[in-house]
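Report on one structure; see the data block that follows.
A short reminder: the numbers here are calculations on the coordinates, not readings from a lab. Predicted, not measured: the structure shown is a model, and the values here were computed from it. Positions of Cβ are backbone-derived with ideal geometry, glycine not excepted, and every protein chain shown enters the neighbour counts.
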């Protein structure tokens, strides 16, 4: 300093001393000021400066608030350390002593006029968050400043200079702007939208912040193409800087697509000429750089990248990068959501399509096989009978043909079974049986095959205590399939069949010691068409549907099947069937029928035998190979009846001829309809058997020709067709056929039909037969109702669709297929309404829900017509209906999706979203309960359910089913007898969703598909809600960051409580300002309105208050100055503010309130006082009026509460009531520690559903706690005691009480010094004393370890602790590795 | 630096020693009191009227000589003497004109 002072002032000692004196308070800045060559400025050397200038400089230098000043004709520049630090940047120290116009040349057009006004009028100016482009960092920088210029007068009271008090708001303004953009990006309420919509929305938000984002481009990677422009802001369409496509692999691209594609962020200088003329956005000059950030995809390559042009007036610092990074993350997650939603949609459509294709396939495939099957098995069987004595090789071949025919037939039948189960048309008859006996008998069929395979066969079927209800046909398939499976995979060892009772159910076990199933294949064991690969088996044949069928059949029985298997050790299948009938549809349960031997066993055993060596005599043993014994052919006038066969297939023609000839008919055969007509005219037969499809004249034309000729009109005709289509049958019957037979047909069936037709032709009138056949062949269900609604006639399709056959006629209302009035009241009502319509209206069409006999829900479209019975003249209703379940569910899926979407769009948080979805699903399925289980990372799965439940409380089978779900792939649904479930993504881990429909409501394929589609949508919504939750947390954190001081002076506590609706930024604030003289400024204010505008005004008012307080204007004048500010800012008008200045030593509080609710002062005696004086109007209402001040003295150990109206205002309640409640809460909290007091007050006053408005709260307890830290030396004890003694006096303790506390504290401190610091003398000890209404609390903490008091061993050492316990009410000593803490408190008496 | 403490020994007419103590007695200076007491044998009267503070370190010193001590204690110190049990071992007087000792 002296060196530079010497250069400046010429070394005059006196002068240097004077210079030092002026700048003495300035520290480093003072030294630099002293070094200026003042003699060269218009002000001259400092020792000749007028007193007023010296004072102004001294005040400025001693202030810790940023200030600069200008003085004299050139407005010579001075500033203090704070200004240098915050604002001046590189201009320091160059600026000192220079003309202000030169220092701030770049902003002189902005500030010059203001300075002139101050100098001209002597009035102060005020500017809030003014944008100034400072060149202090080497480039023009966007900065914001809140400042006031006030005049400086010389000794003659002439204005000769100005003082600027300024605070820089750049970080706040820029931060708020970025926060607004991020919040807007997250404000999209739509649950699901397309990628284009998502990007369009995001671009609209980005375009609103042209300051931080002068322009943006969003490129998405497209396969084979490169990067495609998907959105832009700030650039006109077709601008050269925004090429539509950046081709993949091309070099010299305008934007670094390859780098972004590999996940890098790149800063690109915008210097290339190809960028053309770039728009400047909100700035004077266009951007010079852009940041290219990848749009990261979780666990994948980036979706694309975001080009964000950078604000050239701000540095690209961490905050700026972070902002652009968050923006890109948001875009990426939006794109991710949209894409995965699209994939979901596509998947659902594909599933539905697959479902349709599968059904079609199943119903078609069987028929395609029928003709060849008939022609294989029929003749083969016949030959086996005829060639019983032929040589073995011939028989072997024939057996092979027959066996394979049966095998194919079995496959076709199994497929048909599936088809029926899927269509809900499996007509089961559950009868009570002795399951052990039935199963043992089935097993015995396999014994020979097992023996032959060299395996042991253990059948252990002990009688069960009660009968089990099964459908015999289905049960045979279950057992035979399992046995066949066991045999196929077992090469040595044992096959065991066990029947037993376990846990009140029947269990059937089929175990083998075979090759077993690899663990990886276990989950797919029961999957349809899935074959276990790589396993050693007796045969490679197999379609992979046997076990799938078994599972379906067991499920139809209300049972379960599980498999345990170990590779190389064997497999055990366990089937569990409940006793009783509660699990079965009541009307499918029948009484025990006559015992019928197994009819389906032959194909299974034959197939199994075929896998074994030496199968020569197998066929006979399986009881196969005899043709049915046909009844003798009817005779016509003593001669065999004559049958004419018309078929173009030679094989078929010959087969039929042979069959009928053997049965005793006289047969002639022709190859087409034309020949048939000629033959008929020649010699009319008793019956014509004709194929439908024939060249030239086909079966129908033949029929037509016959019927139009009176000679042949009544000739019975039996049509044969390979086509399953019932239209063909109807067509044929309409044309007048007498009967219709679909291939393949058993020989016996054909013979029976031929015989029946020949006989019937003679017995019955033609039209009756025709009508019955017609009705029965309709594919649509047909019914006739009488005038009371009783169904009196139905056809086969009716029985198929509803499961109720003609044996139950008449069906009177309420019909058994009506939905249950209790379980499904809507469905019940719909059917009742439809019946009313049927009875009342002439004709109509209705779509109603019905319940099939097996319990499945179906939808039918009924059309009906009222007519008269031609015979009786009674009124009847004739109707048909069609199964529209599939269409109905497709429509239902769409509307369920829409309903769920609507429901989810109303909630935002993750928890609410899940709850709403579960509720919606429960309504949709009328489910008993719906639950969601997230396994997550914890040890216990977390359960959310419509009926609250804990994981441990769930029934074991349900827990198992849900655990099972967690092993399945995502979004593949599963079901069991009482409900269905699916696994989907939850932000906290995979979540199993389970819909419990109950035993009587099977969860069908339609339900599974619907659940899959809804689960996809829910997963989207959950991801979105999660994102929303996170954004809310971020937004609140940001708001708290711009609120209140981070470090409070002692004795204060504050709290900000946001309003309940999410993301609402409010206008409440609080502030404390440490004034230079040790006093503390206190502000609590409330701006009108909510949202960003209110927050911005709040920020400005807060800055203004701070600056005004630091000028020591006092509360009243501060409010008056704020009035002027408020008149200029519309949104600031009507703000209410409480301003106070507190002397923490004396407790004197001077305050003024601009329309703010009164502060509350609670004394230690429980008395409360409202600070109602010093009141005036809210800000900006009548500016210019005087703002009165009031003074109050805080009683010792009292608590002051200042707050905003949200704390006390309630709907339909007087404000005074709320204030009284706040008083009560404050008094009740008289002894709550300060740091918990704010929470105590808000918790007591918070309404049930949270605060409707935001709440700011500021508390002060007088006196403030005493906090001391001192080195652990005995000599420190006395000064500490003195400080504590003074504090205790201030806290109003009587001398004697104070002495007790003092001694206890002294002991604790002495202990800390003596014991705690044996090894580290001089380490720090902390003492804190806090007074509340009735208590004093002391805490002494050290970093050492105490000795436990052991009076016997050392009576002297223990004395201090026992003294503490005697002197204070409560003492705890907590030793910890980091140090010992003594906590003591006592009641003040 | 130990806390300020002055100890003025006097021999009374009856031959007993009177120690007039002024200041605060704590961990930092209790050894000084102990040294002074060790210098005198027989009964000692300690006048604590001018003592503002006495902690357990000081009490420990007094306990070591309790049986031969007679204490003159101001009201503010009397509770600590009672609470610590020293009053049971030593004779405690109030200063003249301060009423009876507790």
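Distance from the alpha carbon centroid of segment A:205-273 to that of segment A:372-441 works out to 69 angstrom. For chain A, the longest principal axis of the Cα atoms and the long axis of helix A:108-121 meet at an angle of about 40 degrees.
As a rough guide to protection, the peptides A:1123-1135, A:261-273 ranked by mean Cβ packing within 10 Å, highest first, stand as A:1123-1135, A:261-273.
With one equal scatterer per alpha carbon and no solvent term, the Debye-computed log10 I(q)/I(0) for chain A at 0.05 1/Å reads -0.67. In plain terms, the chain from residue A:159 to residue A:967 could stretch by 282.5 nm, reckoned as 0.36 nm per residue minus the Cα-Cα distance. Ordering of B:63-73, A:57-67, A:474-484 by packing is A:474-484, A:57-67, B:63-73, highest average first (other Cβ atoms within 10 Å, averaged per residue).
Looking at segment A:428-580, the DSSP beta bridges with both ends there are about 80 percent antiparallel. Relative to the longest principal axis of the Cα atoms of chain A, the long axis of helix A:170-185 lies at roughly 10 degrees. Of all DSSP bridge pairs formed entirely within the protein assembly as shown, close to 85 percent run antiparallel. Model label sites at residue A:1165 and residue A:788, defined 7 Å from Cα along the beta-carbon direction, differ in position by 9.3 nm. Shape descriptor for segment A:895-1031: Rg over Rh equals 0.93 (Cα atoms; Rh from the Kirkwood inverse mean 1/r). Dividing the helix sum by the residues of chain A, where each DSSP H run of 4 or more adds -39500 (n - 2.57), gives a mean residue ellipticity at 222 nm of -12500 deg cm²/dmol. Stokes-Einstein diffusion of segment A:372-621 at 10 °C, 1.306 mPa s viscosity, Kirkwood radius from Cα pairs, rounded to a whole number: 84 µm²/s. Treating the Cα atoms of segment A:1043-1262 as identical point scatterers in vacuum, please give the log10 of the normalised Debye intensity I(q)/I(0) at q = 0.08, 0.11, 0.15 Å⁻¹, two decimals. Log-scaled intensity ratios, in q order: -0.25, -0.48, -0.93. Summed over all non-identical Cα pairs, the Kirkwood treatment of segment A:273-324 gives a radius of 12.7 Å.
When DSSP beta bridges are restricted to pairs lying wholly in chain B, around 30% turn out antiparallel. In chain A, the longest principal axis of the Cα atoms and the axis of helix A:825-840 are about 50 degrees apart.
Computed over segment A:175-345, the range of Cα coordinates on each principal axis works out to 47, 40, 29 Å, biggest value leading. Gain on full extension, evaluated as 0.36 nm per residue between residue A:139 and residue A:895 minus their Cα-Cα distance, stands at 266.2 nm.
Each of residue A:55 and residue A:346 was given a label point 7 Å from its Cα along the Cα-to-Cβ line. The distance between the two points is 8.1 nm. Peptide B:18-31 is shielded by partner chain Cβ atoms: per residue, an average of 3 of them sit within 10 Å of its Cβ.
Share of Cα-Cα pairs in segment A:84-216 beyond 22 Å, in percent? Across segment A:84-216, Cα pairs with separations above 22 Å total 53 percent.
Residue by residue along B:68-81, Cβ atoms of other protein chains within 10 Å of the local Cβ number 2 on average.
Rounded, prolate or oblate for segment A:390-448? Axes are the square roots of the Cα gyration tensor eigenvalues, ordered a ≥ b ≥ c, and the cut-off for rounded is a/c under 1.5. Oblate is the answer for segment A:390-448, as a/c is 1.5 or above yet b/c matches or exceeds a/b. From the square roots a ≥ b ≥ c of the eigenvalues of the alpha-carbon gyration tensor of chain B, which class results: rounded (a/c under 1.5), prolate (a/b over b/c), or oblate? The shape class here is rounded. Peptides A:1267-1278, A:792-803 ranked from most to least packed give A:792-803, A:1267-1278, packing being the mean of other C-beta atoms within 10 angstrom over each peptide's residues.
Normalised size of segment A:2-168, defined as Cα radius of gyration per 2.2 N^0.38 Å with N residues, equals 1.00.
Segment residue A:1267..residue A:25, full-extension length gain: 444.3 nm, with 0.36 nm per residue of separation and the alpha-carbon distance subtracted.
Per residue of peptide A:1304-1315, the mean number of Cβ atoms on other chains within 10 Å of the residue Cβ is 3.
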